[in-house]
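The values are calculated or read from the model by the stated rules, or taken from the named source; none is laboratory data. Computed from a prediction, not measured in an experiment: that's the story for all the values here. Cβ atoms come from the backbone with ideal geometry, glycine included; neighbour counts cover every protein chain shown.
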Amino acid sequence: MVPLSGSDVSAQDIEQLLRTLGASPVYAGFTPAVTALQYVLADQQLLTSLTTRLYPKVAESCEIALPCVERNIRTMIAVIWEKNQFLFQIVVGYRMTARPSVGDFLASLSTFLMYHPAKDWPDYLR
């Protein structure tokens, strides 16, 4: 399967996936997570420099303080893990024994989004 380019994945697809996993826009980490995933989908190398390259970009785009980026996304991950751990593991394709770090979360979801176009998602992800 050929991966999609970052530009082939819409913000709506990212938002839908996060909502299905149990997050919602009421969480302060929702918009930063969507933004971070958009950046990562455009440049996977950002996953190797979260604090020095990715988080500053997200903070600027979302107009939030730099220290809030990771904390807010981490809080949203905790909510997803609490509400829908099983579905999250189905999406990422492997069993996890602990809640993922922000980097693991972004890497896992960006990989899913690159290899699974929204039009091909099973009904339980819509």
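State the number of residues belonging to region 85-110 that are over 19 Å from Thr31 (Cα atoms) and either in contact with a Lys or Arg (Cβ under 7 Å, 6 or more places away or on another chain) or not aromatic (Phe, Trp, Tyr) (or both).
Going through region 85-110, the residues over 19 Å from Thr31 (Cα atoms) turn out to be 85-87, 89-99.
Subset that is either in contact with a Lys or Arg (Cβ under 7 Å, 6 or more places away or on another chain) or not aromatic (Phe, Trp, Tyr) (or both): 85, 87, 89-93, 95-99.
Total satisfying the criteria: 12.
Yes/no matrix, rows are residues, columns are (1) in contact with a Pro (Cβ under 7 Å, 6 or more places away or on another chain); (2) assigned to a loop (DSSP other than H, G, I, E, B); (3) within 23 Å of Leu125 (Cβ to Cβ):
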| position | (1), (2), (3) |
| --- | --- |
| Ala28 | no, yes, no |
| Pro32 | no, no, yes |
| Thr52 | no, no, no |
| Pro56 | no, no, no |
| Glu70 | no, no, no |
| Ala78 | no, no, yes |
| Lys83 | no, no, yes |
| Thr111 | no, no, yes |
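Quick check on this structure: which one of Ala42, Ala59, Ala98 is closer than 18 Å to Glu15 by Cβ and among the small types (Gly, Ala, Ser)? Explain how you work it out, then say what you get.
Values: Ala59 fails: closer than 18 Å to Glu15 by Cβ; Ala98 fails: closer than 18 Å to Glu15 by Cβ.
Result: Ala42 is the single residue among Ala42, Ala59, Ala98 that is closer than 18 Å to Glu15 by Cβ and among the small types (Gly, Ala, Ser).
Just checking, does region 79-94 include any residue being in contact with a Gly (Cβ under 8 Å, 6 or more places away or on another chain), of a type in the set (Lys, Arg), surrounded by fewer than 21 Cβ atoms within 10 Å (Cβ to Cβ) and under 16 Å from Leu109 (Cα atoms)?
No: zero hits.
Hey, among the residues in region 29-46 that are of a type in the set (Gly, Ala, Ser) and crowded, with 17+ Cβ neighbours inside 10 Å, which one's farthest from Pro117 (Cα to Cα)? Can you show your working first?
Residues of region 29-46 that are of a type in the set (Gly, Ala, Ser), as a first pass: 29, 33, 36, 42.
Add one more test, that the residue is crowded, with 17+ Cβ neighbours inside 10 Å, and what stays is 29, 33, 36.
Working: Gly29: 24, Ala33: 19, Ala36: 18 Å.
That would be Gly29.
Which members of region 34-69 meet the condition of being small (Gly, Ala, Ser) and touching a residue at least 60 places away in the same chain (Cβ under 8 Å)?
Taking region 34-69 as the starting set, the residues that turn out to be small (Gly, Ala, Ser) are 36, 42, 49, 59, 61, 65.
The answer is Ala36, and nothing else.
For Asn72, indicate whether it is more than 13 Å from the chain's Cα centre (by Cα), surrounded by 14 or more Cβ atoms within 10 Å (Cβ to Cβ) and within 19 Å of Arg19 (Cβ to Cβ). First the steps, then the outcome.
Values: more than 13 Å from the chain's Cα centre (by Cα): no; surrounded by 14 or more Cβ atoms within 10 Å (Cβ to Cβ): yes; within 19 Å of Arg19 (Cβ to Cβ): yes.
Spelling it out, it is not the case that Asn72 is more than 13 Å from the chain's Cα centre (by Cα), surrounded by 14 or more Cβ atoms within 10 Å (Cβ to Cβ) and within 19 Å of Arg19 (Cβ to Cβ).
Determine, yes or no, whether Arg53 is at pLDDT below 95 and surrounded by fewer than 16 Cβ atoms within 10 Å (Cβ to Cβ). Step through it out loud before you land on a result.
Values: at pLDDT below 95: no; surrounded by fewer than 16 Cβ atoms within 10 Å (Cβ to Cβ): yes.
The answer is no for Arg53.
Given the condition touching an Asp or Glu at 6+ places or on another chain (Cβ under 9 Å), modelled with pLDDT of 90 or more and not in a helix (DSSP H, G or I), answer yes or no: does some residue in region 97-106 qualify?
Keep residues of region 97-106 that are touching an Asp or Glu at 6+ places or on another chain (Cβ under 9 Å), which gives 99, 102.
So of that shortlist, the ones also modelled with pLDDT of 90 or more come out as 99, 102.
Narrowing the set further to residues that are not in a helix (DSSP H, G or I) leaves 99.
Yes: one or more hits.
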